[in-house]
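One structure below.
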There are 2 protein chains.
Amino acid sequence: MDGKETLDKARERIIETIAQNIHLYGLTPSAGRQYGTMFFHDEPMTLDDMTEELGMSKTSMSTSVRALAELKLVERAWIRGVRKDLYQVKDDWYQSFINLFSIKWRRSISLHSVAVRKSLRELEQLKNNPDISEELRTIVEMDISKLEYVRDYFEWMDRLVDAFEDHDIFDLVPLKEHGE
Amino acid sequence: MDGKETLDKARERIIETIAQNIHLYGLTPSAGRQYGTMFFHDEPMTLDDMTEELGMSKTSMSTSVRALAELKLVERAWIRGVRKDLYQVKDDWYQSFINLFSIKWRRSISLHSVAVRKSLRELEQLKNNPDISEELRTIVEMDISKLEYVRDYFEWMDRLVDAFEDHDIFDLVPLKEHGE
DNA sequence: AACTTTGTACAGTTTTTACCGTACAAACGA
DNA sequence: TCGTTTGTACGGTAAAAACTGTACAAAGTT
C-alpha cells in the first residue's frame, strides 16, 4: 500500500465517523461526508468541487451545504478572481458545538417557554373559575405545578445556553493547555 | 367552552410542542406525543392505554416506548395486581437532559476518539516512513495536526459529559431556588 | 445587448423510515 | 395441562425524506 492510499484511508475513516454521528446535529450522513471532505480539503471548495469529490448532484450539494451553513459548521469564503461560491469548514469545533445550542436548542427552548406560559395562564384562570367541580380543580392544580416545573426547567436551559455562549463553560471544563 | 375542554387544550399545546422538538433527542414526533401524554397521565400507563389514547397500533407503542426507555425518558413501573407492563415518565427533566449526553453523545465521542486515534497512529507511522515524497509528508503533517486538534476536542467533550454526570454543571448554572 | 456561468426552485424518482397487522413465544391462570 | 393474556419479531405497506435532472433567474462577461 503506497503512502497516498494510507493517507486516504486514514481520512476516510474520520469522514465516515463524522457521517455516522452528525445526526446529533440534525444532519444527514451525506452532509456529514460533505463536511468531512471539506475538513481535509485545505482550500475552500466550490459546489462543483464537492460534486466531483462526492459523486453527488450539484443540487444536493447546494441544499446540504446550506444546512451546514445554517448551523455555522461551514462558512462562505472569498478568493479574488474566483466567481463560484466558496465554502470552508469553520475550524473552531468548540464554537460549533456551542452554535448547535445557540441555534437549534435556543429555538426549541423558546417555543417551549411560550407554550408553557400560555397554558399556565389558561390554567390559572380556569383554577379561579368558581363554576368548576372540585375534582377538576384538583387536576388543574396538579397540571399547574407540573407546568411550573417545566417552566423553571426551560428557564434553566436558557441560562445553560447563555453559559455556553458566554464561554463560561470553559471555566468549568477548561480547554487543554495548548502544546502539552 | 367548559373546563375540561380548556384543560385538554392547554395540555394538547404542550404535548404538540414536545412532539415538534423531541427530534433534538433523536426521537420522532409520535414518540414525543407519547411522552407528552404520559407526562400528564398521573398513573403509569400500559401499551393498551397508549394505543387507546393516541389511536396508534400497539406495535408502534411498543417500539417507541422502547426508544423512550432507552434514553431513560420513561421507566417501567410496577403496581401489584397489574399484569401488563407499565410505563411512566421520569420526572427529573434535568437528569433526562444529562442522560441524553450520557447515552447518545458519550457513544459518539467514543466512536470518534477511537477513529481519530487509529488514524493518528497510521499517519504518524507514515510520516516516519523515509520513502514518501516531501510533498506527501507535508500533507501528512497537516492532517496530523488537524487530528490532534480533533482528539483534544473530543477529550474536552468527554470531560464536559463528566461535568454533566457529576452535576458540576449545576455549580455553573444553578437550579432556581425552590419556591420563589 | 447578447451570451455564459452559477446557484437554486421545483417536480419527479428513489431510498429510507414509520407504521400496521399477523403470528407467535413467554408468562400467567385455571 | 390447556386456555388466555401480553409484548414483540417480522413482513408488508404507507408516508416521509433524500436525491436527481431540468429549467430558470441572477450575476458576470464580452
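What follows is calculated from the coordinates using simple rules that are stated; it is not laboratory data. Bear in mind that the values here come from a model prediction, so they are computed numbers and not experimental data. Note that each Cβ is placed from the backbone with ideal geometry, even for glycine, and that neighbours are counted across all protein chains shown.
Given charges of +1 on the Cβ of Lys and Arg and -1 on the Cβ of Asp and Glu, with all other atoms neutral, how large is the dipole of the protein assembly as shown about its Cα centre, in debye to the nearest 20? Each step should come with its number before you reach the end.
Details: 50 positive and 68 negative charges, 210 e Å.
It comes to approximately 1000 debye.
Tell me the angle of helix A:29-40 to the major Cα principal axis of chain A, expressed in degrees between 0 and 90 and rounded to the nearest ten.
50
Provide an ascending nm list, one decimal, of label-point separations from A:Arg76 to the equivalent residue in each further copy; define each label point as 7 Å from Cα along Cα→Cβ.
Taking the point 7 Å beyond Cα along Cα→Cβ, the inter-copy spacings are 5.5 nm.
Between chain A and chain B, with a rotation axis joining them, whose C-beta in A is nearest that axis, and what is the whole-Å distance?
A:Leu172, 2
Using a 7 Å offset from the Cα along the Cα-to-Cβ direction at both B:His41 and B:Glu16, what is the distance between the two label points in nm, to one decimal?
2.1
For A:Leu24, go 7 angstrom from Cα along the Cα-to-Cβ vector, then report the distances to that same point in the other copies in nm, smallest first.
1.6
Please report how far the C-alpha centroid of region B:137-180 lies from that of region B:1-25, rounded to the nearest whole angstrom.
Using only Cα atoms to place each centre, the spacing works out to 35 Å.
Using the 7 Å Cα-to-Cβ label point, sort the distances from B:Val114 to its equivalents in the other copies shortest first and give them in nm to one decimal.
Shortest to longest, the spacings are 4.2 nm.
Nearest 10 degrees is fine. How inclined is helix A:106-127 to the longest principal axis of chain A, computing both from alpha carbons?
In chain A, helix A:106-127 runs at an angle near 10 degrees to the longest axis.
Using C-alpha positions alone, give me the convex hull volume of the protein assembly as shown per residue in cubic angstrom.
It comes to 199 Å³ per residue, whole-number rounded.
Got the relative contact order for chain B handy, in percent, Cα pairs under 8 Å and 6 or more residues apart?
It comes to 14 percent, rounded to a whole number.
Nearest 5 percent is fine: what portion of the DSSP beta bridges confined to the protein assembly as shown is antiparallel? Kindly include the intermediate steps, with their values, before the conclusion.
Numbers: 10 of 10 bridges.
Within the protein assembly as shown, antiparallel bridges account for around 100 percent of the total.
Starting from the Cα coordinates of region B:3-91, work out the convex hull volume and express it per residue in Å³.
99
By counting other Cβ atoms within 10 Å of each Cβ, how are A:Tyr149, A:Tyr35 ranked from fewest to most?
Numbers: A:Tyr149 13, A:Tyr35 25.
In order of increasing Cβ crowding within 10 Å: A:Tyr149, A:Tyr35.
In degrees, nearest 10, range 0 to 90: what is the angle between the Cα axis of helix A:134-165 and the longest Cα principal axis of chain A?
For helix A:134-165, the angle is close to 30 degrees.
Tell me the volume per residue, in Å³, of the convex hull enclosing the alpha carbons of region B:94-172.
Spread over its residues, the Cα hull of region B:94-172 gives 78 Å³ apiece.
Amide H of A:Ala77 versus every other amide H placed in the peptide plane: which residues, excluding those fewer than 5 positions away on the same chain, fall under 5 Å?
Here A:Leu86, A:Tyr87, A:Gln88 satisfy the definition.
In a GNM of chain B with a 10 Å cut-off on Cα contacts, which of B:Gly26, B:Gly81, B:Gly36 has the highest mean-square fluctuation?
Highest fluctuation of the listed residues: B:Gly81.
Calculate how large, on average over all directions, the projected area of the Cα convex hull of chain B is; give the answer in nm² to one decimal. Walk me through the numbers on the way to the answer.
On the way: hull surface 67.8 nm².
In nm², the orientation-averaged hull projection of chain B is 17.0.
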